[in-house]
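The values are calculated or read from the model by the stated rules, or taken from the named source; none is laboratory data. Every value quoted in this text rests on a predicted model; they were computed, and no experiment measured them. So basically every Cβ, Gly included, is an ideal-geometry build from the backbone, and we count neighbours across all protein chains shown.
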C-alpha cells in the first residue's frame, strides 16, 4: 500500500536563523575589507562598475583592470555556485550548499594568514568570490527573496511590503516586511562587529566570519523532523 501523505517543510537553509547568520557575516566582511584591506567594500559590485566606467573614461587602462577583476571574480563565484547546485543537487550525504560553504570557509581561513599590504587586492578579489558564492546559494528566507551580502534589494522589498501591508491592512505582509528590516539590522550589527573585531584583532579577525559559516555548514546537517519522516516514508514505499 502506497503512503500518499505529504509533509510541508522549509529547508533549514531558508530559515530566518540561517539567513541572519549569513547576513551578519556579510556585514562583517564588508567592514573587514574596509578596515584592514585598503578601504574597499568587496561584497557588492556596483561601486566597482562605477569606478570602472570612470577609469575607462579617463583612459586609465591599468587602473580599470583593478576594478574589472573583482567584477569577474564575482561572476565566477555565481557560475561556480550554479555548477555546484546542478552537479550535486541530488547528493544525499552532503547538501550542495554545504559544498559552497566549505569553499567559503577554506578561503576565509586562508585569508586570515595573508598580511595586509600588497596582497590586499588579491584578498578583496577572493572575498568578492566568497560573497558571490553566498549570494547565489542562499537567496530566500521563509520564501522571501533576499540577499545576505548587500542590503539595497532588501530595503526595497521590505519597504514595498510595508506599503502594501498598510494599504491592504494585511498583517502577514507586515510580518514579511519586518523580516526584511530585521535582516538589514543584523547586517548592520555584523558591520559593527566587523569594525570592532578588525580594529582589535587585525587581519585574523576574518576567522570570526569563518566560524560563523562553519556553524551554518554544521547546521545544514541537521534535518528537520518532517524531512526525516518524509525520507522514511519514501524508503518504506520503495520496499513495498
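Structure data summary
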{"quantity": "In region 19-46, the residues that are assigned to a helix (DSSP H, G or I) and surrounded by fewer than 21 Cβ atoms within 10 Å (Cβ to Cβ)", "calculated": "20, 21, 34, 35, 46"}
{"quantity": "Condition check for residue 185: within 30 Å of residue 39 (Cβ to Cβ) and modelled with pLDDT of 95 or more", "calculated": "yes"}
{"quantity": "Pair list, Cβ < 7 Å and 6+ apart or interchain, from region 139-166 residues that are in contact (Cβ under 8 Å) with a residue 40 or more places away in the chain and at positive phi to residues that are assigned to a helix (DSSP H, G or I) and surrounded by fewer than 19 Cβ atoms within 10 Å (Cβ to Cβ)", "calculated": "142/14; 142/16"}
{"quantity": "Candidates 198, 182, 147, 191, filtered to the one that is over 19 Å from residue 131 (Cβ atoms), under 23 Å from the mean Cα position of the chain (by Cα) and crowded, with 16+ Cβ neighbours inside 10 Å", "calculated": "182"}
{"quantity": "Filtered residues of region 99-122 (kept if surrounded by fewer than 24 Cβ atoms within 10 Å (Cβ to Cβ) and in a helix (DSSP H, G or I))", "calculated": "99, 102, 103, 105, 106, 107, 109, 110, 120, 121, 122"}
{"quantity": "Filter result for residue 91 (more than 18 Å from the chain's Cα centre (by Cα) and either crowded, with 16+ Cβ neighbours inside 10 Å or modelled with pLDDT under 95 (or both))", "calculated": "yes"}
{"quantity": "All positions within region 149-167 that are modelled with pLDDT under 95 and assigned to a helix (DSSP H, G or I)", "calculated": "152, 153"}
{"quantity": "Hey, residue 85 surrounded by 18 or more Cβ atoms within 10 Å (Cβ to Cβ), part of a helix (DSSP H, G or I), in contact (Cβ under 8 Å) with a residue 24 or more places away in the chain and in contact with a helix residue (DSSP H, G or I) (Cβ under 8 Å, 6 or more places away or on another chain) or not", "calculated": "no"}
{"quantity": "Residue 77, sole failed condition from (1) closer than 22 Å to residue 139 by Cβ; (2) part of a helix (DSSP H, G or I); (3) over 14 Å from the mean Cα position of the chain (by Cα)", "calculated": "(3)"}
